[in-house]
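Below you'll find the structure, written out as structure tokens, and then a few comments.
Just so it is clear, none of the values below were taken in a lab; they were calculated from the coordinates. Small disclaimer: the values here were computed from a predicted structure and weren't measured. In this analysis, Cβ positions are derived from the backbone assuming ideal geometry, glycine residues included, and neighbour counts consider all displayed protein chains.
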Amino acid sequence: KLWLSAPQQAATRPPTPLAQSMPIELEAPFWGFMGAAFALVFSNMGAAYGTGKSGIGISTLGVGQPELIMKSIVPVVMAGVLGIYGLIIAVIISNEVTTVEEKAPSYTTFKAFAHFGGGLACGLSGLAAGMAIGIVGETLTQASAAQPKLFVGMVLILIFAEALGLYGLIVGLILSAKASS
């Protein structure tokens, strides 16, 4: 076959399977895993900030009125839930990241960017919600100790702050489902 020209040699080669002709997108898993990492890291940063700031308020309150400490633990619990949101999205995304299945690339750039966007949405929403919970938790735990009627208002504000993190979780789930379809 050395006497055949290049086009003739190409014509005599057996056809390659589609799996061998498709390029493998090596950077796609990187973006998917970064989405999982951002979901977990930023949500946990928000949870840590909310817990820390609320803990300052509770500690200050506990010096003068230790009987109100358990009643004022609500912001700490709500901040901790934000970390769970990030964990949920991180586990979902990381379980869907693959490189090659049956000798064909199965994890595309589209899936990777959908997972990256979902992780970022969940993580940054969790960070924002944690900051809001921390500020409200520190201030209103002390204020509700001085004026008990403020407790219901504090819980409502905390619920709306927590909803910000929930919105990020929902968007992360939708984008993850979009990548799977």
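Among the trypsin sites (Lys or Arg not before Pro) found in the range 49-116, those both in a DSSP coil and sparsely packed, with 12 or fewer other Cβ atoms within 10 Å of their Cβ, are Lys103. For Ala143 and Phe110, the difference between the fully extended length at 0.36 nm per residue and the C-alpha to C-alpha distance is 7.0 nm.
How large, in Å, is the range 121-162 by the Kirkwood hydrodynamic radius built from its alpha-carbon pairs? Result for the range 121-162 stands at 10.5 Å.
When Rg and the Kirkwood Rh are both derived from Cα coordinates, the Rg/Rh ratio for the chain amounts to 1.35.
Under the criterion of Cα pairs below 8 Å and six or more residues apart, the relative contact order for the range 23-181 equals 37 percent. For the range 48-125, the list of GluC sites (Glu not before Pro) that fall in a loop by DSSP and count at most 10 other C-beta atoms within 10 angstrom reads Glu102.
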